[in-house]
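Asks: Here you go, one structure.
The values are calculated or read from the model by the stated rules, or taken from the named source; none is laboratory data. The structure displayed is predicted, hence computed values, not measured ones. Positions of Cβ are backbone-derived with ideal geometry, glycine not excepted, and every protein chain shown enters the neighbour counts.
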Amino acid sequence: MFLIKMRQTETVFLTGFLFSRLEVCCLGEKSCADLASVLKSENSKLIELNLSQNRGLKDSGVKILCEGLKDKNCKLQKLWLEDCRLTEESCEHLAKVLRSANSKLIELNLSDNIQLKDLGVKELFEGLKNTVHCKLKILRLDFCNLTEESCADLASVLKSENSKLTELHLSRNTGLKDSGVKNLCDGLKDKNCKLKTLSLEYCGLTEESCADLASVLQSENSKLVELNLSKNRLQDSGVKSLCDRLKNKQCKLEILRLDFCYLTEESCADLASVLKSEKSKLTELHLSKNKGLKDSGVKNLCDGLKDKNCKLKILRLEDCDLGDGSCADLASVLSSENSLMELNLSKNKLLKDSGLFFLCGGLINKDCKLEKLRLAECHVTDEGFSSLASTLIQTPSSLLKELDLRFNSLRVSEQSLFSELKDTFPDLNVII
């Protein structure tokens, strides 16, 4: 074990590990010196190191650690330095690591270091684009106090033929705004851009950003397969802009996260038209915490889910004010030839037993492919559980592997039925 106060024997012991999680260990500069010596050791096998929330590390500790990262013996590929109170000075040292021919870093997490700001990440970006040695593919800069200025610098990184970035996380930088995304999109459309995953959750975006991102999705150069726009006030007009491009043959997007984006049933109608398109590649859709969807929105969405062209496997509708009407429509989806494998309806408190009764009608159907069903906090009682358990027991062909029923009004009175359910499906994970 690698403890707060490191001795030489502990350092030698660490060289035999592939992964080391040392977050929230009150580590400081001295620990970084010991870690650097581990990284420099020819016996070291360490490829992942998590030092997050060690606020005593600071810039001075990172400077020492970077000496180990530049050593020819260092094999480290993933480094987490989340919430370590780092500033632009740490970015300067890490940029030198990225330029080093010895560096093997492919993932770097600097999230929650609010003093990095635009000036700090600018140094880092220079390391990303100005050398053939940089191998970094995943960069996490969530909540680093970044603005549109950083987006312009990032665009230049994405345009560089030297850049290998495939995954970029910029969530909770509320200073980015629409103007920042506009700058970023300039890089996303470049032929050299390799980015596949982009996270822009809670960045102060509006429908204007959707229009710019829509132009990226229809670009033949775009390689985006995952886009997170949750917790932005996009509204129906913004989603409509995206949906128009999701049906384009050039669009490669497979995963779209739109949780808490102030959407209504209108967005569901637009998304249904995407699901019906033979050109759409969407397999995962997140719409949780959009309380304006309601049953009427789910009805619109189900029209797309039942279409022969729909490829959706994962649908999340947590906390959308849904009732038993939504369950009736979703049951008709489960009864059709569909591709849905995971459904999250948790925190819809109007669902109740009546909603679960409707769902059972879909679960019993031979065409149902559902493997995960989440119904936590849906005001389900023993009566609803009894109906669900009986349905599954009578359907030995069921593919269900995970059932989440936490925070419902369930008592031990149904324990015998629960045991029978576990006997019928020994691999089923029931969470109560």
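Asks: May I ask you to say which residue of Leu375, Leu340, Leu301 is surrounded by 20 or more Cβ atoms within 10 Å (Cβ to Cβ) and either among the acidic types (Asp, Glu) or touching a Cys at 6+ places or on another chain (Cβ under 6 Å) (or both)?
Replies: Leu301
Asks: If only one of Leu217, Leu205, Leu200 is over 26 Å from Leu136 (Cα atoms), crowded, with 19+ Cβ neighbours inside 10 Å and not hydroxyl-bearing (Ser, Thr, Tyr), which one is it?
Replies: Just a single option satisfies the conditions, and that option is Leu205.
Asks: Can you name every residue in segment 95-127 that is assigned to a helix (DSSP H, G or I) and touching a Ser or Thr at 6+ places or on another chain (Cβ under 6 Å)?
Replies: Across segment 95-127, the qualifying residues are Val97, Arg99, Asp118, Val121.
Asks: How many of the residues making up segment 373-428 are in a strand (DSSP E or B) and farther than 16 Å from Leu363 by Cβ?
Replies: Total meeting the criteria: 2.
Asks: Also: Enumerate the pairs (first residue in segment 109-128 and hydroxyl-bearing (Ser, Thr, Tyr); second residue anywhere and in a strand (DSSP E or B) and at pLDDT below 95) with beta-carbon separation below 6 Å, excluding pairs fewer than 6 apart on the same chain, so at least 6 apart or on different chains.
Replies: Listed pairs, sorted by first residue: none to list.
Asks: Mind listing whichever residues of segment 330-361 are closer than 17 Å to Cys378 by Cα, in a helix (DSSP H, G or I) and either within 28 Å of the chain's Cα centre (by Cα) or of a type in the set (Gly, Ala, Ser) (or both)?
Replies: Selection gives Leu330, Ala331, Ser354, Gly355, Leu359.
Asks: Being farther than 21 Å from Asn338 by Cβ and among the hydroxyl-bearing types (Ser, Thr, Tyr) is the filter here; which residues of segment 359-402 pass it?
Replies: Residues satisfying the conditions are Thr381, Ser386, Ser387, Ser390.
Asks: I would also like to ask the following. When you go through (1) part of a loop (DSSP other than H, G, I, E, B); (2) within 25 Å of Leu105 (Cβ to Cβ) one by one for Ala152, which number turns out not to apply?
Replies: In the conditions (1) part of a loop (DSSP other than H, G, I, E, B); (2) within 25 Å of Leu105 (Cβ to Cβ), Ala152 misses (1) alone.
Asks: Right, next: Count, please, the residues in segment 220-237 that happen to be among the charged types (D, E, K, R) and either over 18 Å from Leu253 (Cβ atoms) or crowded, with 18+ Cβ neighbours inside 10 Å (or both).
Replies: 3
Asks: Could you grab me the full set of residues in segment 303-312 that are of a type outside the set (A, V, I, L, M, F, W, C) and not in a helix (DSSP H, G or I)?
Replies: Residues satisfying the conditions are Lys306, Asp307, Lys308, Asn309, Lys311.
Asks: Still on this structure: Provide a single number: the residues in segment 53-65 that are surrounded by fewer than 23 Cβ atoms within 10 Å (Cβ to Cβ) and within 30 Å of the chain's Cα centre (by Cα).
Replies: The total comes to 5.
Asks: Would you point out the residue of segment 80-94, among those that are part of a helix (DSSP H, G or I) and of a type outside the set (Asp, Glu), that is farthest from the chain's Cα centre (by Cα)?
Replies: His93
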